[in-house]
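Take a look at the structure below.
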Amino acid sequence: MPRIILLGAPGSGKGTQAVKLVEKLGIPQISTGDMLREARKNGTEMGKLASTYMDGGSLVPDEVVIGIVKERLGMKDLEKGFILDGFPRTIPQAMALDKVLEDLNIKLDHVVEIDVPFSMIVPRITGRRSCPECKRPFHISFLKPTVENHCDDCKVELIQRSDDTEEAVTQRLEAYQKQTKPLVEYYSEQKILRRVDGDGELEEVFSKIINILS
Ligand code: ADP
Ligand code: ZN
């Protein structure tokens, strides 16, 4: 029953690894980025508010993301575990999560930090594409679809995220460094932090993560 947090800079590959973990372990992925993009697509008030932050590469306010995660963690499909991808991203979010889990009487098993040098991140992110239907991630050089610019599964045209531009990436990296990196220390103190070198082949990084979990 693994309950996992994937921690890492934008472009570290945590979303890609999360999808692979879902396939292998059969537990749900909880991605705040995906949930916020879904809210934006549906044109909700929260979605509109969130996109003003997201498009510039800033973090969405804590109370907004904490609210959606709380709601998600209250659902019934999490008995076998879950993979938190992109949450928490700040110390107040981590503290709120601890509180929610305590109320649910469950504990985190592992926080996996995928560590990637900043110099690798910009090309990774600007070449990133994804399927608008199944969300499967691709990359124009590192993870090519079989048919150029189309999802292998859904056959629909891939899209690029509005915050995957060079300017937004710089802002996102700064937010990561200032607001998210302190979580490494936070979870080290709780003795559940595990570091994985993310500078390698996808499959290689994946088997390192699987090793940690077993
Ligand atoms: P990445 O990790 O590649 O930046 P995500 O899809 O996880 O991509 O997040 C995209 C954007 O959504 C972030 O830049 C931020 O604006 C917002 N977001 C996602 N998760 C959070 C969070 N936990 N707290 C605040 N903002 C978030
Ligand atoms: Zn697809």
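The values are calculated or read from the model by the stated rules, or taken from the named source; none is laboratory data. Computed from a prediction, not measured in an experiment: that's the story for all the values here. A quick note on method: Cβ atoms are made from the backbone with ideal geometry, for glycine too, and the neighbour counts reach across all protein chains shown.
What to note about this one:
- Subset of the stretch 151-186 [of a type outside the set (Lys, Arg) and within 9 Å of ligand 2 (Cβ to nearest atom)]: CYS151, ASP152, ASP153, CYS154, VAL156, LEU158
- Answer from ASP85, ASP62 - the residue that is crowded, with 17+ Cβ neighbours inside 10 Å, without any contact (Cβ under 8 Å) to a residue 40 or more places away in the chain, among the charged types (D, E, K, R) and within 26 Å of LEU173 (Cβ to Cβ): ASP62
- All conditions but one from (1) at pLDDT 90 or above; (2) in contact with a Leu (Cβ under 8 Å, 6 or more places away or on another chain) apply to ASP115; the one that does not is (2).
- Qualifying positions in the stretch 92-135 - under 14 Å from ARG161 (Cα atoms) and buried (at least 18 other Cβ atoms within 10 Å of the Cβ): ARG124, ILE125, ARG128, ARG129, SER130, CYS131
- Test: GLY43 is farther than 20 Å from ARG136 by Cα, free of Cβ contacts under 8 Å to residues at least 40 places away in the same chain, not in a helix (DSSP H, G or I) and not aromatic (Phe, Trp, Tyr): yes
- Residue in the stretch 125-148 that is more than 26 Å from PHE82 (Cα to Cα) and acidic (Asp, Glu) present: yes
Yes/no matrix, rows are residues, columns are (1) assigned to a helix (DSSP H, G or I); (2) of a type outside the set (A, V, I, L, M, F, W, C); (3) away from ligand 1 (no atom under 13 Å from the Cβ); (4) farther than 24 Å from GLY13 by Cβ:
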position	(1), (2), (3), (4)
LEU36	yes, no, no, no
THR52	yes, yes, no, yes
ALA96	yes, no, no, yes
ASP103	yes, yes, yes, yes
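- Boolean, LYS70 is surrounded by fewer than 17 Cβ atoms within 10 Å (Cβ to Cβ), more than 25 Å from LEU143 (Cα to Cα), within 16 Å of ligand 2 (Cβ to nearest atom) and without any contact (Cβ under 8 Å) to a residue 40 or more places away in the chain: no
- Helices (runs of 4 or more DSSP H) lying entirely in the stretch 108-193 (those with 3 or more residues that are of a type in the set (A, V, I, L, M, F, W, C) and either farther than 24 Å from PHE206 by Cα or within 14 Å of ligand 1 (Cβ to nearest atom) (or both)): 118-126, 166-175
- If only residues of the stretch 150-176 that are among the polar types (S, T, N, Q) and touching a helix residue (DSSP H, G or I) at 6+ places or on another chain (Cβ under 9 Å) are counted, the one that is modelled with the lowest pLDDT is THR165.
- Considering (1) of a type outside the set (Lys, Arg); (2) in a loop (DSSP other than H, G, I, E, B); (3) within 19 Å of LEU21 (Cα to Cα), the lone condition that ASN211 does not fulfil carries the number (2).
- For the stretch 34-46, the condition holds for no residue, the condition being that it is at negative phi, touching a Lys or Arg at 6+ places or on another chain (Cβ under 6 Å) and either more than 16 Å from ligand 2 (Cβ to nearest atom) or not polar (S, T, N, Q) (or both).
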